[in-house]
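What follows is a short report on a single structure.
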Amino acid sequence: MKNSLIFRVILLGAIAIAGIIGMQAYWVINTWNINEEDFSKKASLALYRTACGLADLSGGDLPPRNIVNQRTTNYYVVNIDSEIDDDHLEYFLQKEFERLALYVDFEYAVYDCTTNEMMYGNYCSFNPGKQTDLTELGDLPKDDKFTYYFSVKFPNRSGYLLGKMQLSIFFSAILLIVLIFFAYSMFIMLRQKRLSELQKDFINNMTHEFKTPISTIKISADVFQNAPEVQNNPRLLRYATIIKEQNKRLNSQVEKVLQLARIEQGNFELKQEQFPVAEALSAIVNSTAVQAEKQGGTLESDIRLGDTHIEADRLHFTNILHNLLDNAVKYCCERPEIRLSAYASDQQVTIKIEDKGVGISKEHMSRIFSKFYRVPTGNVHKVKGFGLGLYYVKSICDAQGWQLNIESSPGEGTSVYLHIPVLQPGFQSWWHQLRTFFSRYLRRTATRLTNA
């Protein structure tokens, strides 16, 4: 994955998470404020009704103002301007709190003007089984502004409000888990990227280091094979030929790895040129037919292209056709039976390669273009490779803007369709050329995203 893509993922993820955190924080704070305001209103109303009840019971009148006074978030002073009966006070408090569904523990005290002290009343709990820290109770301070008053304190006010916010707390916990998962995912992504870069650097360095000994072996094998002593000795000539063929195969594999590395890094460029398709296909068929005949098979061709030209990188075009035909030869049942047909229609060249080989099951069709993936072949153990052939073919086709389709069934063979736009010079081809440009751009973008 490229650094720019990782930076965009982290940046967009951070922005999204910051937005979610902001919304969640706003929701939690707003919920707390609403519950706090609701609690204050209910507590003030219950205390006012309690004062009214006590005033009616004693036959006195309430003060014209400042009856219920909130001194702190959980401490209230109620001025009734008449003597207070403790037993009636507790009864009225519990009754009014229950009427307003304010089931929260409270304690109360009554001011005694003769002793100038707060006479502690009681601690009332709506949950008798609940354990309470007694050391936190009894702190109900005096108020110097009034003569006859009582005070009420809610020790568990914060816990009551938190209990009303269970849904908000639940979603906040989920958000915290998501944040931890996102941070862990970013850590794993960065670590995997670092390991992937180390792996790619190692493969690139290794393949480049292989080039020098491979070239040396090739030169030595040519000299060895052309020596008169070797030419006159069939056994040595056979070994010299094997060395040269295996060196050529090794060089081909190394070149393929280097080409794929350049494709992934975006350092390779297509050398576009115009050439007749029929001529290129004939040369490819002739070279591959020899391999098929060595295994007792056949390679038939039906090329009806005339003087049709295409604009493409001829080297890569030749390589992908060789790869497709080599697969048809390798994955045959007993002997290869291959047919290559090519024709021009609808401003494009269609190349079709059919074989009667082992075929590919549907469960593997979606992965055959993945790097290093090889389709299980059962009892066929003669096929060697790294699983890079079809990945290379697909990468080149996407880079060129070509369409590649594969149809296959186990035991019935495989058909490969390659659709290549025809070079159409002149005024009438402008729409086709524009469509091809955008097609190539979209395919290259999709390839970069897939490889990332």
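The values are calculated or read from the model by the stated rules, or taken from the named source; none is laboratory data. Source: prediction; values computed, not measured. Please note: Cβ atoms are built from the backbone with ideal geometry, for glycine as well, and neighbour counts cover all protein chains shown.
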> How many of the residues in the stretch 69-83 are surrounded by fewer than 20 Cβ atoms within 10 Å (Cβ to Cβ) and not polar (S, T, N, Q)?
Replying inline: 4
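Given the criterion at pLDDT 90 or above and among the aliphatic types (A, V, I, L, M), identify the matching residue among 5, 93, 62. Step through it out loud before you land on a result.
Numbers: 5 fails: at pLDDT 90 or above; 62 fails: at pLDDT 90 or above.
Among 5, 93, 62, only 93 is at pLDDT 90 or above and among the aliphatic types (A, V, I, L, M).
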> With respect to residue 304, is the statement that it is in the same structural domain as residue 418 (by TED's automatic domain parsing), of a type in the set (Lys, Arg) and either at pLDDT below 85 or touching a helix residue (DSSP H, G or I) at 6+ places or on another chain (Cβ under 7 Å) (or both) true?
Replying inline: no
> Which one of these does residue 182 not meet: (1) touching a residue at least 60 places away in the same chain (Cβ under 8 Å); (2) farther than 30 Å from residue 30 by Cα?
Replying inline: (2)
> Can you pull out the residues in the stretch 324-359 that are in a loop (DSSP other than H, G, I, E, B), surrounded by 20 or more Cβ atoms within 10 Å (Cβ to Cβ) and without any contact (Cβ under 8 Å) to a residue 60 or more places away in the chain?
Replying inline: 332, 336, 357, 358
>> List pairs: first residue in the stretch 391-405 and assigned by TED's automatic domain parsing to the domain that holds residue 367 and on the phi > 0 side of the Ramachandran plot, second residue surrounded by fewer than 19 Cβ atoms within 10 Å (Cβ to Cβ) and among the polar types (S, T, N, Q) anywhere in the structure, Cβ distance under 7 angstrom, at least six positions apart or on different chains.
In response: 401/439
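Report yes if residue 149 is in contact with a Ser or Thr (Cβ under 8 Å, 6 or more places away or on another chain), farther than 30 Å from residue 10 by Cα and in contact (Cβ under 8 Å) with a residue 12 or more places away in the chain, otherwise no. Show your work before the answer.
Details: in contact with a Ser or Thr (Cβ under 8 Å, 6 or more places away or on another chain): no; farther than 30 Å from residue 10 by Cα: yes; in contact (Cβ under 8 Å) with a residue 12 or more places away in the chain: yes.
Considered against the rule, which asks whether it is in contact with a Ser or Thr (Cβ under 8 Å, 6 or more places away or on another chain), farther than 30 Å from residue 10 by Cα and in contact (Cβ under 8 Å) with a residue 12 or more places away in the chain, residue 149 comes out as no.
Condition check ((1) at pLDDT below 85; (2) assigned to a helix (DSSP H, G or I)) across all residues:
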residue	(1), (2)
254	yes, yes
260	yes, yes
267	yes, no
275	no, no
278	no, yes
281	no, yes
284	no, yes
287	yes, yes
299	no, no
>> Would you confirm, using the coordinates I've provided, whether residue 192 is touching a helix residue (DSSP H, G or I) at 6+ places or on another chain (Cβ under 7 Å) and either at positive phi or not small (Gly, Ala, Ser) (or both)?
In response: no
> Which one of these is modelled with pLDDT under 85 and polar (S, T, N, Q): 158, 82?
Replying inline: 82
>> So residue 87 ticks every box in (1) touching a strand residue (DSSP E or B) at 6+ places or on another chain (Cβ under 9 Å); (2) surrounded by fewer than 15 Cβ atoms within 10 Å (Cβ to Cβ) but one. Which box is left unticked?
In response: (1)
> Given the residues 160, 239, 148, which is the only one that is surrounded by 12 or more Cβ atoms within 10 Å (Cβ to Cβ), farther than 30 Å from residue 115 by Cβ and assigned by TED's automatic domain parsing to the domain that holds residue 21?
Replying inline: 160
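Restricting to the stretch 42-98, count the residues that are among the hydroxyl-bearing types (Ser, Thr, Tyr) and without any contact (Cβ under 8 Å) to a residue 60 or more places away in the chain.
To start, the set of residues in the stretch 42-98 that are among the hydroxyl-bearing types (Ser, Thr, Tyr) comprises 44, 48, 50, 58, 72-73, 75-76, 82, 91.
If we keep only those that are without any contact (Cβ under 8 Å) to a residue 60 or more places away in the chain as well, we get 44, 48, 50, 58, 72, 91.
Of the residues in that region, 6 qualify.
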> Can you tell me which of 393, 380 is under 25 Å from residue 246 (Cα atoms) and at pLDDT 85 or above?
Replying inline: 393
